[in-house]
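The values are calculated or read from the model by the stated rules, or taken from the named source; none is laboratory data. Quick caveat: nothing in here was measured; it's all calculated off a predicted structure. Cβ sites come from the backbone with ideal geometry, for glycine too, and all protein chains shown count toward neighbours.
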Amino acid sequence: MSSNIPEYADVQSLDSFPKVLAYNARNWPKEVAMREKEFGIWQEFTWQDYNDRVKWMALGMRALGLGQGDVVGIIGENRPEWVWAEIAAHALRGMSVGLYQDSLHEEVAYLITYSGARILIAEDESRIAMFVEKGLLAAGYSASVFATGPAALDAGRSGDFDLVLLDVGLPGMDGFEVLRRLR
């Protein structure tokens with residue numbers, strides 16, 4: 001480590017997670033920031049990887065109209081994508097609300113409605129999409145589900161949605177790529 005770089009971020013000037021992430025990516029881009037075990041194999045994400053994914057998500061969220069004070073709902077397991085989505089929302093001065101995948105659909109509908117979530121990001125499981133769709137329908141919303149990334153991209157470009165539910169593991173084009181292209 002360079003002698004000019006403090007070992008820890010100065011929390012007086014770096015007073016948010018997006019600022020700390022940018023600082024770490026700038027100073028330790030190739031160092032491992034997080035690991036996740038997937039299919040028995042550890043996947044590593046460097047500070048630069050982490051920062052890039054947050055940036056791509058934030059740009060996609062901004063393209064979908066997310067701004068200061070807006071809310072992003074996140075549903076899924078405890079995974080890196082959850083953290084990336086939260087920090088992306090915070091980078092835009094938005095807020096995030098966590099929704100557990102084992103919540104009742106009435107609870108999910110209530111939290112989405114009460115929080116005013118503009119974007120909902122869900123983990124790659126078809127049952128979660130179905131679950132959220134049922135919750136939205138129960139709350140009186142109309143819902144459209146797209147099974148592939150290209151279909152979701154076309155729908156997102158139409159601008160006819162108040163809320164976008166985006167699966168980060170869509171076939172044909174993952175949710176990150178959809179967000180990147182929407183920006």
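A compact table of results
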item: Residue list for region 29-55, filter: modelled with pLDDT under 95 and more than 14 Å from Pro80 (Cα to Cα); result: Phe39, Gly40, Ile41
item: Odd one out for Phe45, checked against (1) within 17 Å of His90 (Cβ to Cβ); (2) outside any loop (DSSP other than H, G, I, E, B); result: (1)
item: Which numbered condition Asp52 fails, given (1) closer than 21 Å to Phe17 by Cα; (2) of a type outside the set (S, T, N, Q); (3) more than 12 Å from the chain's Cα centre (by Cα); (4) not in a helix (DSSP H, G or I); result: (4)
item: Test set (1) surrounded by fewer than 19 Cβ atoms within 10 Å (Cβ to Cβ); (2) without any contact (Cβ under 8 Å) to a residue 40 or more places away in the chain - Glu36 fails condition number; result: (2)
item: Among residues of region 90-126, those that are over 11 Å from the mean Cα position of the chain (by Cα) and assigned to a helix (DSSP H, G or I), counted; result: 13
